[in-house]
1. Of the residues 361, 295, 330, 322, which single one is open to solvent by less than 70 Å² (accessible area, probe 1.4 Å), out of contact with any Ser or Thr (no Cβ under 9 Å at 6 or more places or on another chain) and closer than 25 Å to residue 54 by Cβ?
2. Can you report the number of residues in segment 210-255 which are in a loop (DSSP other than H, G, I, E, B), on the phi < 0 side of the Ramachandran plot and among the small types (Gly, Ala, Ser)?
3. Output the number of residues of segment 256-305 satisfying the condition of being touching a strand residue (DSSP E or B) at 6+ places or on another chain (Cβ under 9 Å) and in a loop (DSSP other than H, G, I, E, B).
4. Just need a number here: residues in segment 72-89 that are part of a loop (DSSP other than H, G, I, E, B) and surrounded by 13 or more Cβ atoms within 10 Å (Cβ to Cβ).
5. Among the residues of segment 38-60, which ones are at pLDDT below 85 and in a loop (DSSP other than H, G, I, E, B)?
6. Filter segment 374-398 down to the residues that are open to solvent by 40 Å² or more (accessible area, probe 1.4 Å) and not in a helix (DSSP H, G or I) and list them by number.
7. With the requirement that a residue be crowded, with 24+ Cβ neighbours inside 10 Å, assigned to a strand (DSSP E or B) and among the hydroxyl-bearing types (Ser, Thr, Tyr), what does segment 182-202 give you?
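The values are calculated or read from the model by the stated rules, or taken from the named source; none is laboratory data. A quick note: this is a predicted structure, and the numbers were derived from the prediction, not measured. A quick note on method: Cβ atoms are made from the backbone with ideal geometry, for glycine too, and the neighbour counts reach across all protein chains shown. We work out accessible area using only protein heavy atoms, side chains counted, and drop any ligands, DNA or RNA first. Shrake-Rupley method; radii C 1.70, N 1.55, O 1.52, S 1.80 Å.
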Amino acid sequence: MSAVQLPANLTEETVREISERRSEPEWLLETRLEALEALETLELPDVIQTPGRRWTNLDALDFESLVDPLDQADETTRVSDEGVDVLTFTEAIEAHPDRVESAFGSTIDPEENYLTALSAALFTTGTVVYVPEGVDAEDVTIRAEMNSRSLFSHTLVITEQSSSVTILESIESGVETDDARYFSNLVEIDAGENSYVQYGSLQNLAEDTYSYSLKRADVGTYATVNWIEGNLGSRLTRSDVESELNGDSAETKIVGAFFGHGDQHFDVNARVWHQAENTTADLVTRGVLDEEARSVYEGVQDVGRDAWNTSSYQRENTLMLSDDSEADASPKLIIHNHDTEASHSATVGQVDQEDLFYMVSRAIQPEKARNMLVEGFFVPVLDEIEVEEFREDLEALIAARLR
């Protein structure tokens, strides 16, 4: 695959202006400029291919029309809990300069692919969550509204030893526009020893939006990072949620849900790398497709040579409500250590006609019966969500979509 054509409006002067507007330190400007330079040779993220077909055509994205680097606007509210710093990047660099410099780009290399480099060069919004040693926090929320044609965001979570935090992040569209839009969000979690992070993310962007997100955690010794990912909006969603279990007894859970209709397309990926002993992972994803919506899922459990006593489980199920919808799933086990207990499964199917017939025969209207079956299909994922506010938000969006 050849490198992507750079937009004409993406220049060194543009990147310098973004950095100067935000009074950024030299190290961050240099990071941006290096990412910009790397764009000339970087490729787009890999996509799943089956014989004769590439499921997601990222090459079709016209960044010339989608990206307006100097006109980015958002309305973001941040709610903190006692003892936790929930700051904009500008505030965080002033309050914790060394911590931010050390953690930024340590989990996601800005030059990993074309889209990460584009985001690193251009991001203008984002949040730094810093949880000091021993602090327990539950009610951190980041609610963002996208009010421009393109928006690039970066979130950085740093938890020190024996701390814990629950974060709920959401993104939706604000100002309406006739143009197609592009949203990018990179999330890095640096989870210190014996810390606990639960990170919920809910994407409900307008369906004229192309959305790319990469969320990755570096999970230390005895630490836990649990992800909850809900995707209902955008025309094309590329979502990667990943955990690197780098410390002894590190744990992760990745819970995902998506619901597509119209001509929406979801490219959803969950990945975990077991790098240390006694690590545990559980991946659970459920999606529903209606009308001409499409989805492709890849789940990867990679067990390294030194990952003794590994436990790793994966389940993905897609329910299609229409004969015109399409889905593909590719769960993968990569095992380099025999001391492993692991399993993976994936199913793609339609509403059980016997269940539907039974409910209709009990005087339940066909549409209501179908909706009840869909709501029941999501229950195993909803039951995994410990954050009540997130669960209620997701249930409300599912119900609205069914109506």
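1. 322
2. The number of residues fulfilling the criteria is 5.
3. 13
4. 7
5. 51, 52
6. Answer for segment 374-398, where residues must be open to solvent by 40 Å² or more (accessible area, probe 1.4 Å) and not in a helix (DSSP H, G or I): 383, 384, 386.
7. Once the filter is applied, which keeps residues that are crowded, with 24+ Cβ neighbours inside 10 Å, assigned to a strand (DSSP E or B) and among the hydroxyl-bearing types (Ser, Thr, Tyr), segment 182-202 yields 182, 199, 201.
Residues checked against (1) open to solvent by 10 Å² or more (accessible area, probe 1.4 Å); (2) under 19 Å from residue 48 (Cα atoms):
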{"position": "219", "(1), (2)": "no, no"}
{"position": "227", "(1), (2)": "no, no"}
{"position": "243", "(1), (2)": "no, no"}
{"position": "247", "(1), (2)": "no, no"}
{"position": "253", "(1), (2)": "yes, no"}
{"position": "258", "(1), (2)": "no, yes"}
{"position": "269", "(1), (2)": "no, yes"}
{"position": "279", "(1), (2)": "no, no"}
